[in-house]
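Every read-out reported here was derived from the displayed coordinates using simple, explicitly stated rules and does not represent laboratory data. The structure presented is a predicted model; accordingly, all values stated were derived computationally and were not measured. All Cβ positions, glycine included, derive from the backbone under ideal geometry; neighbour counts span all protein chains shown.
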Amino acid sequence: MNRWLSTNRGFIVFLLCFAFFRTAIADWNPIPSGSMRPTLLEGDVVLVNRLAYDFKLPLSDIALLHLGAPRRGDVVTFSSPVDGTRLIKRVVGIAGDVVEMHNEVLTINGAAAQYEDASAVSEPMPSGIDTPGIRSTERLAGSERRVQFLPEVPARRDFGPVVVPADSVFVLGDNRDNSADSRYIGVVPRRLLIGRAHHILVSADIKGSWMPRIERIAERVR
């Protein structure tokens, strides 16, 4: 055993460094569902900065050092407060914000979002049947993003007002009518945040031809 350890010492050190890098510094996250369409597509793999908010003890939720604060508009990965599943959504509300939605219109601290540049789309569903959708640019609280609505899909289009507690965030999927987000799982405590997604590493059309989507590689997550 000692001889094996001595022979493979360099490889073992590499594995330990790689494990530390992935669990404490940076990671990647495959996108398995359409909850963040049109920003992120099924088959995208995003680079996640684990040091965006906290330096944590590897393989734990214990923060050793606070490095930054979540901001409205950040796309974050986190462990679901319901069952621990890793999810990726967009922060729309931070601690102290009053978040509500009425007939799909998001409101933060009494200010309603503005929706512009609407376009019609056809959205693929798990059933294999496409459903009509609408994509629009949502502007609110100093940030903007493209969001999607699916009028024929049952969804929670009204909620709140909800006051976001201290050390927590309120998250929504950009695909508003097809996302298990804070409307269903509640607010996300900061300790469950894994990191902030900032670039797409690779992408492939896993719902169709499996061909690589070259144009998405290195695209910034906005």
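Annotations
- Each helix, a run of at least 4 DSSP H residues, gives -39500 (n - 2.57); summed and divided by the residues of the chain, these come to -2500 deg cm²/dmol at 222 nm.
- Across the range 119-125, coupling constants 3J(HN,Hα) worked out from phi with the 6.51/-1.76/1.60 Karplus curve, θ = phi - 60°, read 9, 7, 9, 10, 9, x, 10 Hz, and Gly and Pro carry x.
- Scoring 131-139, 28-36 by mean Cβ neighbours within 10 Å over their residues and listing the highest first yields 28-36, 131-139.
- The magnitude of the dipole of the chain, with charges of +1 and -1 set on the Cβ of Lys/Arg and Asp/Glu and taken from the Cα centre, is near 900 debye.
- Under the Debye formula (equal points on every Cα, no solvent term), log10 I(q)/I(0) of the range 89-200 at q = 0.12, 0.16, 0.19 Å⁻¹: -0.43, -0.77, -1.06
- A Stokes-Einstein calculation at 10 °C with viscosity 1.306 mPa s, built on the Kirkwood radius of the chain over Cα pairs, returns a diffusion coefficient of 85 µm²/s.
- Relative packing of peptides 56-67, 98-109 - highest average C-beta neighbours within 10 Å first: 98-109, 56-67
- Long-range HN-HN contacts of HIS199 with modeled amide H, under 5 Å: LEU47, VAL221
- Amide H contacts of TRP28 (H built 1.01 Å from N, under 5 Å, at least 5 apart or other chain): VAL48
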